[in-house]
1. When you check Arg54 against the structure, is it more than 13 Å from the chain's Cα centre (by Cα) and at pLDDT below 85, yes or no?
2. Of the residues Leu99, Leu82, Leu43, Leu77, only one is closer than 20 Å to Tyr3 by Cα and either among the basic types (Lys, Arg) or in contact with a strand residue (DSSP E or B) (Cβ under 7 Å, 6 or more places away or on another chain) (or both); which?
3. Could you list, in sequence order, the residues of segment 1-50 that are touching a residue at least 60 places away in the same chain (Cβ under 8 Å) and among the basic types (Lys, Arg)?
4. If a residue has to be closer than 16 Å to Leu82 by Cα and either of a type in the set (Gly, Ala, Ser) or at pLDDT below 85 (or both) to count, how many in segment 17-47 make the cut?
Amino acid sequence: MTYQHIFITELGGRRRGGARLVDGRERGEYEAGHVPGAVNLPLSELAGREDGTRPNTVLIRAGGHRSSQAAASLARLGKTGLLNRSGGTAAWVQGSRELHRGGRP
């Protein structure tokens with residue numbers, strides 16, 4: 001496996017270290033509420049746009065399972081240094097953290 005899982009407590013440090021947070025949910029889900037600073041790259045649009053992920057990219061979805069699958073798929077394509085945010089956006093909310101609403105990070 002050439003990606004790793006990170007937990008909510010690790011996200012801040014990773015982002016301070018330059019990690020890019022990519023929210024892989026569909027645009028409507030993203031606009032309804034996303035982790036502040038996350039950019040939207042729906043997994044349904046990922047094919048052909050793999051360059052939107054680079055080493056030190058954190059993938060996030062609603063619960064973390066589908067982003068884990070996406071990280072595994074990207075790893076099979078040779079992408080390295082990917083991170084999966086375990087628990088997804090749901091864990092962010094459960095940690096009493098606010099979501100940003102709208103189309104911009």
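1. No, not satisfied.
2. Checking each option against the conditions leaves just Leu82.
3. Passing the criteria: Arg14, Arg25, Arg27.
4. So the answer is 7.
Residues checked against (1) among the polar types (S, T, N, Q); (2) part of a helix (DSSP H, G or I); (3) in contact with a Leu (Cβ under 9 Å, 6 or more places away or on another chain):
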| site | (1), (2), (3) |
| --- | --- |
| Val22 | no, no, yes |
| Pro36 | no, no, yes |
| Ala47 | no, no, no |
| Asp51 | no, yes, no |
| Pro55 | no, no, yes |
| Ala62 | no, no, no |
| Ala71 | no, yes, yes |
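The values are calculated or read from the model by the stated rules, or taken from the named source; none is laboratory data. Everything numeric here is computed off the predicted structure, so don't read it as measured data. Neighbour counts are summed over all protein chains in view; Cβ atoms, including those assigned to glycine, are modelled from backbone coordinates with ideal geometry.
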